[in-house]
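To start, the structure itself, in structure tokens.
The values are calculated or read from the model by the stated rules, or taken from the named source; none is laboratory data. In this text, all values refer to a predicted model and were calculated from it rather than measured experimentally. Because the Cβ atoms are built from the backbone with ideal geometry, glycine has one as well, and the counts that use them run over all protein chains shown.
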């Protein structure tokens, strides 16, 4: 009976089909654009999935669907730059370099956390490989289009990326034999650096082999035999060519500096340092390298590497010129990223636009998708959140979430869904037996 009951629920959840009209007019809203401040009692016109117009004196065509947002607040869709939802697996920890693997191959569009995070206002997420490897697997940037296929989740046009990891997590796999497999190199921070450097030395040689082969084809003489493809090294060659972004798990300042030196020596750039809890100590060096920082708001002391973390980290790095985002690394934390961003107003004195940018425009810049999402500007994707009240308040609740101009979540429809689930439960649940104290015999 239990199996039957739970099989009914996903079908009922999918009853929240994305609703859309060719043109939508959201009016009388307080619009936090991020790039141009807050527009009081303004309007947004959505046309064909894009933001067509934003402002105070804006109207739409007579056939537009009208949403009266009087007293409500509208923000860009929230962007989580470090997530592990919607993936059937996270770590391939049997080897030190797992760049041949990719999250895209194991995306799970039925993961309920997509819907839950969507209900928290998240519209885009960077789904990362885990941190068991100095060089991990390829990431996948997705839009939280609940009810769509794995292929339809993918963010079209997002630059590919890959996960690196420093410190305790990758070296732990080499220190003891666990249920996840035998010991493997490296087991020290020195070894982590060596693995990364050695892999890029091999990748550089591999890149030169292919260059020589392609040049030989243009000389008019019989070309060389093509090199054997190496799926482990190809993503690293893409990094060297600037075609793939590096997102590196890290904590300590010395590790951050190590990877900056190593990258500059080899000839590539780190896109974002993830977690980066001691980033405030080396913020100028991070900014000089041109890397972003995707951090927590106020997590610390949950392991030795995190003991020197402070809640002022995001604000200090911002003031030093680093593009900073606040991420979740947690399906639960992602449900209130707006509140996590607001903490930077208390710890560090960021203004409301700077704070909101931590979970909208800045992660979009880090993922190089800010030409499509991250702010409420004409021409960008209509990824929007309608909040019940001021979004940087703990009392704010997303009432409606748009992706590409389609409503993928609304509180009203969610309440109807819950009522439908309760009705279905009553149909399949036997009545209680008062004489047996309400228990059922199994």
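Numbers below:
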quantity: Wholly enclosed helices (runs of 4 or more DSSP H) of segment 340-442 bearing at least 3 residues touching a residue at least 24 places away in the same chain (Cβ under 8 Å), out of contact with any strand residue (DSSP E or B) (no Cβ under 6 Å at 6 or more places or on another chain) and closer than 24 Å to residue 297 by Cα; calculated: 352-357
quantity: Tally of residues being assigned to a loop (DSSP other than H, G, I, E, B) and in contact (Cβ under 8 Å) with a residue 60 or more places away in the chain across segment 53-70; calculated: 1
quantity: Residue 314 outside any loop (DSSP other than H, G, I, E, B) and surrounded by fewer than 20 Cβ atoms within 10 Å (Cβ to Cβ); calculated: no
quantity: Residue in segment 265-276 that is within 24 Å of the chain's Cα centre (by Cα), crowded, with 19+ Cβ neighbours inside 10 Å, at pLDDT 95 or above and more than 19 Å from residue 159 (Cα to Cα) present; calculated: yes
quantity: Failed item, numbered, when residue 290 is tested on (1) over 28 Å from residue 104 (Cβ atoms); (2) at pLDDT 95 or above; (3) under 24 Å from the mean Cα position of the chain (by Cα); calculated: (1)
quantity: Residue among 255, 285 that is assigned by TED's automatic domain parsing to the domain that holds residue 137, assigned to a helix (DSSP H, G or I), out of contact with any strand residue (DSSP E or B) (no Cβ under 8 Å at 6 or more places or on another chain) and farther than 21 Å from residue 97 by Cα; calculated: 285
quantity: Out of 140, 125, sole residue that is in the same structural domain as residue 272 (by TED's automatic domain parsing), touching a helix residue (DSSP H, G or I) at 6+ places or on another chain (Cβ under 6 Å) and either modelled with pLDDT of 95 or more or surrounded by 20 or more Cβ atoms within 10 Å (Cβ to Cβ) (or both); calculated: 140
quantity: Residue 280 over 21 Å from the mean Cα position of the chain (by Cα), free of Cβ contacts under 8 Å to residues at least 24 places away in the same chain and in the same structural domain as residue 161 (by TED's automatic domain parsing); calculated: no
quantity: Members of segment 211-244 that are modelled with pLDDT of 95 or more and surrounded by 14 or more Cβ atoms within 10 Å (Cβ to Cβ); calculated: 230, 232, 233, 234, 235, 236, 237, 238, 239, 240, 244
quantity: Qualifying positions in segment 368-395 - closer than 30 Å to residue 269 by Cβ and surrounded by fewer than 15 Cβ atoms within 10 Å (Cβ to Cβ); calculated: 371, 379
quantity: Answer from 99, 93, 89 - the residue that is in contact with a strand residue (DSSP E or B) (Cβ under 6 Å, 6 or more places away or on another chain) and either surrounded by fewer than 24 Cβ atoms within 10 Å (Cβ to Cβ) or part of a loop (DSSP other than H, G, I, E, B) (or both); calculated: 99
quantity: Count of segment 93-107 residues which are within 18 Å of residue 82 (Cβ to Cβ) and either without any contact (Cβ under 8 Å) to a residue 24 or more places away in the chain or touching a helix residue (DSSP H, G or I) at 6+ places or on another chain (Cβ under 9 Å) (or both); calculated: 4
